[in-house]
Amino acid sequence: MAPMGIRLSPLGVAVFCLLGLGVLYHLYSGFLAGRFSLFGLGGEPSGGAAGPAASADGGTVDLREMLAVSVLAAVRGGDEVRRVRESNVLHEKSKGKTREGADDKMTSGDVLSNRKMFYLLKTAFPNVQINTEEHVDATDQEVILWDRKIPEDILKEIATPQEVPAESVTVWIDPLDATQEYTEDLRKYVTTMVCVAVNGKPVLGVIHKPFSEYTAWAMVDRGSNVKARASYNEKTPRIVVSRSHSGMVKQVALQTFGNQTTIIPAGGAGYKVLALLDVPDKSQEKADLYIHVTYIKKWDICAGNAILKALGGHMTTLSGEEISYTGSDGIEGGLLASIRMNHQALVRKLPSLEKTGHK
Ligand SMILES: Nc1ncnc2c1ncn2[C@@H]1O[C@H](COP(=O)(O)O)[C@@H](OP(=O)(O)O)[C@H]1O
Ligand SMILES: [Mg+2]
């Protein structure tokens with residue numbers, strides 16, 4: 001009942017109730033959306049108003065949002081990588097042997113970075129396929145909510161969203177590239193990487209250097225925060241190659257380009273792609289070509305492939321085939337990466353892997 005002397009209008013009460021409902025809906029919609037994504041993961045909600053960026057029925061995802069989360073994931077993973085290295089307690093172990101018999105190493109830096117990166121992306125995009133280098137322990141789930149903010153530098157380069165079907169997307173995460181060098185405390189080679197492929201084609205890549213806090217990102221046909229250098233030496237190129245999984249790469253490079261060619265042994269596929277670009281980081285060496293001859297995994301190369309492609313460069317097998325980032329984890333045909341060069345002419349110059357004994 002209304003207080004004495006005050007008469008309530010039924011219309012006023014109805015408007016008031018509707019406004020109240022509107023405010024409640026607004027407050028709780030983000031919270032509920034967050035809960036749905038967590039149920040998708042089977043995880044426990046930890047609160048907060050942020051939610052997933054994709055609808056629960058598969059639907060579409062926005063590649064610009066995927067880029068923002070990929071940058072955040074690479075940086076957060078990098079924080080773990082740095083923290084573990086600085087603690088000097090790496091818990092280094094071997095996951096087994098590579099085909100060539102080298103130790104396939106893993107540390108706490110790999111595992112903790114993998115967990116952060118995976119759950120950040122999985123919480124934001126519950127419906128996309130995510131392939132990571134390290135095993136994700138289902139009993140050790142973490143929910144990391146994205147605040148749905150797209151950084152200014154991305155908004156400046158990429159003015160509009162770009163929706164694609166969630167089912168067409170494959171994400172590749174390398175939580176710690178150059179693990180071998182990480183264990184040797186050769187910090188400059190270490191990167192964290194995220195790549196998004198659509199129908200197997202690499203469309204966006206992020207390479208982050210945790211120890212110099214440098215991040216390169218690019219999206220094909222949309223924009224980037226990194227560019228190619230002004231010139232490259234095609235005749236006697238400086239060639240960056242693996243220092244720990246080299247196979248016959250030095251012989252292949254010298255045989256193809258002559259003894260005047262400079263070979264730069266370096267760790268990490270991310271580091272070697274950055275060596276081809278205009279990167280301000282002082283610890284970064286520069287090269288004209290990146291060649292790899294042994295087996296390699298797609299999380300090692302997808303981000304670099306996307307960035308090179310976005311900047312007009314190429315990454316292919318040694319026989320010039322494009323690499324498809326779906327299905328199997330690895331590629332057999334070696335790797336040739338170049339930018340501002342005649343890539344097909346380089347392919348014709350190189351001997352086939354059969355001749356080098358790698359196939
Ligand atoms: N033959 C091989 N088999 C398995 N992984 C290989 C490989 N050659 C290179 N890689 C991986 O590719 C990345 C770059 O190698 P490199 O530093 O030798 O150029 C490293 O990734 P991770 O450090 O993420 O394991 C390395 O383990
Ligand atoms: Mg790697």
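The values are calculated or read from the model by the stated rules, or taken from the named source; none is laboratory data. Computed from a predicted structure; not experimentally measured. Reconstructed Cβ throughout: ideal geometry from the backbone, glycine too, with neighbour counts over all protein chains shown. These accessible areas exclude ligands, DNA and RNA; they are computed on the full protein's heavy atoms, side chains included. Shrake-Rupley method; radii C 1.70, N 1.55, O 1.52, S 1.80 Å.
Brief remarks follow.
- Its residues counted as N, the stretch 185-287 yields a C-alpha radius of gyration over 2.2 N^0.38 Å of 1.15.
- With a Cα cut-off of under 23 Å and a minimum spacing of 8 residues unless on different chains, the lysine pairs in the stretch 89-159 number 8.
- For the stretch 195-238, the per residue solvent-accessible surface stands at 41 Å², with DNA, RNA and ligands left out and a 1.4 Å probe.
- Inter-centroid distance (Cα atoms) of the stretch 80-154 relative to the stretch 236-278, Å: 28 Å
- Phi to ³J(HN,Hα) by Karplus 6.51 cos²θ - 1.76 cosθ + 1.60 over the stretch 163-172, Hz, x for Gly, Pro: 7, 9, x, 4, 6, 8, 9, 10, 9, 10
- Protein accessible area in the stretch 60-224, 1.4 Å probe - carbon and sulfur %: 46 percent
- Most simply put, the stretch 227-349 has about 60% antiparallel DSSP beta bridges, counting only bridges with both residues inside it.
- Taking all protein chains as shown and a probe of 1.4 angstrom, Phe257 keeps an accessible surface of around 20 Å².
- Calculated on alpha-carbon atoms, Rg and Dmax of the stretch 227-349 in Å: 13.1, 40
- Surface composition of the stretch 227-349: carbon plus sulfur atoms hold 48% of the accessible area, using a 1.4 angstrom probe and ignoring ligands, DNA and RNA.
- Karplus (6.51, -1.76, 1.60) ³J(HN,Hα), θ = phi - 60°, over the stretch 236-253, in Hz, Gly and Pro reported as x: 10, x, 7, 10, 8, 9, 5, 9, 10, 9, 7, x, 9, 4, 5, 4, 4, 5
- For the stretch 218-248, trypsin sites (Lys or Arg not before Pro) are listed when DSSP marks them as loop and at most 12 other Cβ atoms sit within 10 Å of their Cβ; the list is Lys235.
- Accessible surface, the stretch 288-352, averaged per residue in Å² (probe 1.4 Å): 33 Å²
- Amide hydrogen proximity for Ile264: with H placed 1.01 Å from N in the peptide plane, the residues at 5 or more positions away or on another chain lying under 5 Å are Ile239, Val240, Val241.
- 3J(HN,Hα) along the stretch 220-231: 4, 6, 10, x, 7, 10, 9, 9, 6, 6, 6, 8 Hz, from the Karplus curve 6.51 cos²θ - 1.76 cosθ + 1.60 with θ = phi - 60°, whole Hz, x for Gly and Pro.
- The residues of the stretch 104-178 present an accessible area of 42 Å² per residue when probed at 1.4 Å with all protein chains retained.
- Relative contact order (percent, whole number), the stretch 60-224, Cα cutoff 8 Å, 6+ residue spacing: 28 percent
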